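Student: Take this structure first; my questions come after.
The values are calculated or read from the model by the stated rules, or taken from the named source; none is laboratory data. What you see is a predicted model, and the numbers here were worked out from it, not measured in a lab. Reconstructed Cβ throughout: ideal geometry from the backbone, glycine too, with neighbour counts over all protein chains shown. All accessible areas refer to the heavy atoms of the entire protein, side chains included, with ligands and DNA or RNA removed. Shrake-Rupley method; radii C 1.70, N 1.55, O 1.52, S 1.80 Å.
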Amino acid sequence: MKISIIVPTYNERDNLPELFERISKALKGYDYEIIIVDDDSPDETWKLAEELSKDYPVRVIRRTDEKGLSSAVIRGFKEAAGDVFVVMDADLQHPPEVIPELLKVIEDGADIAIASRYVPGGGVKNWYWYRKLISKGAIMLGRLALPKIRNVKDPVSGFFALRREVVEGVELNPVGFKILMEILIKGNYRKVVEVPFVFGLRKAGESKLSGKTMLNYLRHLYRLMRWEGELDRLIKFSLVGLSGVLVNEGFLWLFVHLGLSKYIANVPATELAILNNFLWNDLWTFKDLKRKPLWKRLVSFHVAALTGAVVQWAIYVPLVWLGLHYLIANLIGIGASFVVRFAVNRHVTWG
């Protein structure tokens, strides 16, 4: 089994000697190559990599007309000769000593092996609280938006291994540098295994985290939702919700004019709106996901509606108490309620 280790670089010159030495020790006995894909680094990372190729099995690809971590990884896939690809950074935050553990998982039958910070035994070193919050928030958002990866604890890891067949013939076009998420959505695989590792301290160079990085992550999620059809599902859910508003208002008016109290009339009007929404979501929005019996879907849909109402109220009351205009507070509550209801219905009712 030949291993191709793909390392995208930009101004990582100072890390290369230690990186290559540690990879060499970790993969003693393996048939492997290291592919450096460098975006014409001003510090001439590519030049040092070429010099070090005299001592290590290194190939260097110097790109002068294209930039970006994900596109560098894709270029590495195209150039790689291995049966298994390993993707990692050059900054030594991804310890090369974990590579044999990833390869063992592949040898045991996994198609993708992820070095994960968020499974038991994994972690990060010396991150500020806001960095941890951003990371876990991004993961939670991705798992909610893309149900296919909801069981993967670290779908944004930059350190992973996979069989060549996973990406062979697959059109990858990620935004930013979260290429693993693209592979998990589009790749050809059956089994994913996560291996714990501790995300280390950067030895040299600069961190990639920035406002632009976070914006690109959101763009990437949007594109993957479109590709998976989840964006269409979200739009359908919204339209059904609007029809429910009309049903609720219409029956409320009817029941009041038939003589029911304004307070009592709201109860059957709301229930009819819920039944309307369930019917159209079952027949249209989630028609391809009817894995549970009808009665279970109906009960779960009511639970989602109740959960959304509680969330809306829980947000509305504190915001009004803090002095926000009640109509604005209500809109914020409605927005949060919508997200919760969609998430519960997508992952539970029709999950």
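Student: I need the calculated FRET efficiency for the pair Ala314 and Lys292, taking r as the beta carbon distance and R₀ as 25 Å, to the nearest 0.05.
Tutor: The computed FRET efficiency comes out at 0.35.
Student: Could you order the peptides 281-294, 315-328, 32-45 from most to least packed, using the average number of other C-beta atoms within 10 Å per residue? Each step should come with its number before you reach the end.
Tutor: On the way: 281-294: 14.8, 315-328: 12.4, 32-45: 20.7.
Descending packing order for the listed peptides: 32-45, 281-294, 315-328.
Student: Compare the Cα positions of Ile112, Gln312, Gln93 along the charge dipole of the chain (+1 at Cβ of Lys, Arg; -1 at Cβ of Asp, Glu; about the Cα centre) and return the one farthest towards the positive end.
Tutor: Gln312
Student: Please list 331-340, 153-162 highest first by mean number of surrounding beta-carbon atoms within 10 Å per residue. Display every interim value, and only then the final one.
Tutor: Numbers: 331-340: 16.5, 153-162: 24.0.
The most tightly packed comes first, giving 153-162, 331-340.
Student: Below 25 Å, Cα to Cα, which lysines can Lys287 reach? Residues fewer than 8 away in the same chain don't count.
Tutor: Leaving aside lysines fewer than 8 places away in the same chain, those within reach of Lys287 are Lys148, Lys186, Lys236, Lys296.
Student: Continuing with this model, one more query. Below 8 Å between Cα atoms, with a sequence gap of 6+, how large is the relative contact order for the range 1-126 in percent?
Tutor: Rounded, it is 34 percent for the range 1-126.
Student: Are there any chymotrypsin sites (Phe, Trp or Tyr not before Pro) in the range 36-130 that are in a DSSP loop and have at most 13 other Cβ atoms within 10 Å? List them by number.
Tutor: Filter output for the range 36-130: Tyr128.
Student: Another question, then. Please label the shape of the chain as rounded, prolate or oblate, based on the square roots a ≥ b ≥ c of the eigenvalues of the alpha-carbon gyration tensor (a/c under 1.5 means rounded; beyond that, a/b larger than b/c means prolate, else oblate).
Tutor: Here the chain falls in the prolate category.
Student: Hey, another quick one. At a 1.4 Å probe radius, carbon and sulfur cover how many percent of the accessible area of the chain?
Tutor: 60 percent
Student: Could you give the accessible area per residue of the chain, probe 1.4 Å, as a whole number in Å²?
Tutor: I get 52 Å² per residue for the chain.
Student: Quick one: Karplus J couplings for the range 114-128, per residue in order, coefficients 6.51, -1.76, 1.60, θ = phi - 60°, nearest Hz, x for Gly and Pro?
Tutor: Each residue of the range 114-128 in turn: 10, 6, 10, 7, 10, 10, x, x, x, x, 10, 9, 6, 8, 5 Hz.
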